[in-house]
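The values are calculated or read from the model by the stated rules, or taken from the named source; none is laboratory data. Quick caveat, the model's predicted, so the values are computed rather than measured. Here the Cβ positions follow ideal geometry from the backbone for every residue, glycine too, while neighbour counts run over all protein chains shown.
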């Protein structure tokens, strides 16, 4: 028989060490790591406080329906690890820098910034977009004229 190469899928699996984004409750919008899988619908999460994760997440059981799985995994996190071990593994895996480098984080920050705009700020953005569009069309016309 021939050799078979088995390659794991790139799908985001529920696993110990997987970083999740909480969607509801008082910790909504914060990151936490799965510490233990309780059953097929609930997991135990814990998240240390940091710059990218202000306030952190207290150790708690959450429903999988209330979290979003990220592509980030805290490597070699033992099952049911205590908060200190989670924090050490979190820092060793550099979760915060990986999270801030994702497009997901950048999009969330951009949406928060847009929500905080005043009416006058939105007007200034409109004027800047109009100015940029004018410059782009002028450059395009110049290229078309030379061709």
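Only one of the numbered conditions (1) surrounded by 12 or more Cβ atoms within 10 Å (Cβ to Cβ); (2) at pLDDT 95 or above is violated by residue 53, and that is (2). Please verify whether residue 14 is in contact (Cβ under 8 Å) with a residue 24 or more places away in the chain, surrounded by 12 or more Cβ atoms within 10 Å (Cβ to Cβ) and assigned to a strand (DSSP E or B), treating the condition exactly as stated. The answer is no for residue 14. From the residues in segment 61-77 that are touching a residue at least 24 places away in the same chain (Cβ under 8 Å) and over 12 Å from residue 20 (Cβ atoms), which one is surrounded by the fewest Cβ atoms within 10 Å (Cβ to Cβ)? Applying the filter and picking the extreme gives 75. Within segment 33-43, can you find the residues that are assigned to a strand (DSSP E or B), more than 13 Å from residue 77 (Cα to Cα) and touching a residue at least 24 places away in the same chain (Cβ under 8 Å)? The answer is 43, and nothing else. Look at (1) touching a helix residue (DSSP H, G or I) at 6+ places or on another chain (Cβ under 7 Å); (2) surrounded by fewer than 19 Cβ atoms within 10 Å (Cβ to Cβ); (3) modelled with pLDDT of 95 or more and you find that residue 35 fails only one, number (2).
Report yes if some residue within segment 81-95 is in contact with a strand residue (DSSP E or B) (Cβ under 8 Å, 6 or more places away or on another chain), within 16 Å of residue 18 (Cβ to Cβ), touching a residue at least 40 places away in the same chain (Cβ under 8 Å) and not in a helix (DSSP H, G or I); otherwise report no. Checking segment 81-95: at least one residue is in contact with a strand residue (DSSP E or B) (Cβ under 8 Å, 6 or more places away or on another chain), within 16 Å of residue 18 (Cβ to Cβ), touching a residue at least 40 places away in the same chain (Cβ under 8 Å) and not in a helix (DSSP H, G or I). Residues of segment 17-32 that are in contact with a strand residue (DSSP E or B) (Cβ under 8 Å, 6 or more places away or on another chain) and either surrounded by fewer than 15 Cβ atoms within 10 Å (Cβ to Cβ) or in a loop (DSSP other than H, G, I, E, B) (or both): 17, 23, 25, 27, 28, 29, 30. All conditions but one from (1) more than 11 Å from residue 33 (Cα to Cα); (2) buried (at least 19 other Cβ atoms within 10 Å of the Cβ) apply to residue 88; the one that does not is (2).
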